[in-house]
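The values are calculated or read from the model by the stated rules, or taken from the named source; none is laboratory data. What you are looking at is a predicted structure, and each value in this text was computed from that prediction instead of being measured. For neighbour counting, all protein chains shown are included, and Cβ atoms are generated from backbone atoms with ideal geometry for every residue, glycine included. Accessible surface areas use protein heavy atoms only, side chains included; no ligands, DNA or RNA. Shrake-Rupley method; radii C 1.70, N 1.55, O 1.52, S 1.80 Å.
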Amino acid sequence: MGENLIIFNARIATPHGHSARKGSEMSELHVIENGTVEVTDGIITYVGVARGNERAGYHRGFYQYDANGRCLLPGFVDSHTHFVFGGERSEEFSWRLKGDSYMSIMERGGGIASTVKATRKQSFVELRNRGKKFLKKMTTMGITTVEGKSGYGLDKETELLQLEVMASLNSDEHKAIDIISTYLGAHALPKEYAGRGDEYIEYIIAEVLPEVKRRELASCCDIFCEKGVFSVEQSRRLLTAAKEMGFSLKLHADEIVTLGGAELAAELGALSADHLLHASDDGIRDMAATNVVATLLPLTAFSLKEPYARARDMINAGCAVALATDLNPGSCFSGSVPLTIALACIYMGLSVEEAITAFTLNGAAALGRADKIGSIEVGKQGDMILLNSSKYEVLPYYVGMNCVEVTIKGGILYINEE
Ligand code: NIG
Ligand code: FE
């Protein structure tokens, strides 16, 4: 449910469409000077030039808000995060500063396994309170929909607990953010299944996925398809079974080495392949030829000191690129939207227009929601942000600093007090 709201005197800039924008379409933003947007019961009912009867305050059943010429964009959609977890891994971060690699720490039993240990000790309330704090920060940065993954329990009980926490946060009456949950039980091999990867995959398929489905705790299924974690064959097995049960598919693909994760995502019709630092030319071609969204996570490449994904090659090849934060306790302990955008524009060669499409409509498509969110169009949810300027060019210019002044969720205004 949302409110009845009219925002007027805004410079509206938005991509258009009900599916991901691919290749050169990503730079096509529609701009309306002196624009008005009307939201009725949380849904956008008018977008266009001023109608002439706008007036600040409560009139005709609408709260009418003067944007004073500021730029109005769709709310950001962060389509890849791991925001429900226990513990922290700052010590590992310091080992990496001294030359250790992410995978060598994982091979020694640290990494994801260390967060699993900490998460298994947490209660529902502890996980929920911490998750809620992250959600609050996300709202101030303009995120109106976030994806959250399980994957720090690995055992059935804790995986379900993580998903229950997200379901509970998502059912808050006064929530400012929608949560789309993803089951990532295949995030790492739990110690209980050491050396028995195939058996763990079969266990998930038989014991956990049906329960997640029955209780509608997640709409997507994801896997860490990586050398030394889960193979392409194991990923195909799990994701094929998940697809048959009605899950949408996502993959952590080609993050550390080139393995064929992007190709597999295309083969299976996944919503997205994520990371892709080492995606092959064939993988890029396959994603462009299908509707797989290439979800890029520059904060992770930055934090791991790895080369950025080849965003320009992907867009030039006709891919739909999305940007997301990857907030997690290990490879990327940051959920900074402004820094993500700055890195994407400075180091990955995205234009500001492409970055906006990547963080709005293409993020929505990476969650299978492009028909409902991701752009300012009649019929979509009233999820928008007002910047502190009439120019959307401030987004990468504010390196790591927030230029979002107002976040609007379903027609409700959240003024950023920072
Ligand atoms: O997206 N690469 C795998 N998963 C996460 C990191 C998880 C962790 O290190 O805790 C990622 O980078
Ligand atoms: Fe991730």
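Here are the numbers for the structure shown:
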item: Set Lys243/Lys380; Lys227/Lys409; Lys137/Lys227; Lys213/Lys305 screened for pairs whose C-alpha atoms are more than 29 Å apart; result: Lys227/Lys409; Lys137/Lys227; Lys213/Lys305
item: Region 8-66 - percent of accessible surface contributed by carbon and sulfur, probe 1.4 Å; result: 51 percent
item: Antiparallel content of DSSP bridges confined to the chain, in %, to 5; result: 45 percent
item: Among Gly283, Ala241, Ser303 - extreme Cα towards positive end, dipole of region 238-333, charges at beta-carbon; result: Ser303
item: The chain, helix-only ellipticity at 222 nm - DSSP H runs n ≥ 4, -39,500 (n - 2.57), divided by all residues, nearest 500; result: -9000 deg cm²/dmol
item: The chain: most fluctuating residue of Asn129, Asn53, Asn68 per GNM, C-alpha cutoff 10 Å; result: Asn53
item: Leading residue at positive end of dipole, region 54-128 (Cβ point charges), from Gln122, Gly111, Gly86; result: Gln122
item: Accessible-area order (highest first, 1.4 angstrom probe) of the listed residues Glu88, Glu207, Glu164, Glu377; result: Glu88, Glu207, Glu164, Glu377
item: Charge dipole of region 305-418 about the Cα centre (unit charges at C-beta), most positive-ward option of Cys345, Asn328, Ala365; result: Ala365
item: Electrostatic dipole magnitude of the chain [Cβ: Lys, Arg +1; Asp, Glu -1; Cα centre; debye, to 20]; result: 640 debye
item: Kyte-Doolittle mean at least -1.0 and Cα axial length at least 20 Å: DSSP H helices in the chain; result: 124-140, 156-170
item: Cut-off 10 Å between beta-carbons: net charge of the residues surrounding Met26, Lys and Arg +1, Asp and Glu -1; result: -2
item: Accessible area (Å², per residue) of the chain, counting only protein heavy atoms and a probe of 1.4 Å; result: 38 Å²
item: Cα-centred dipole magnitude for region 178-304, charges only on beta-carbon of K, R (+1) and D, E (-1), debye, nearest 20; result: 200 debye
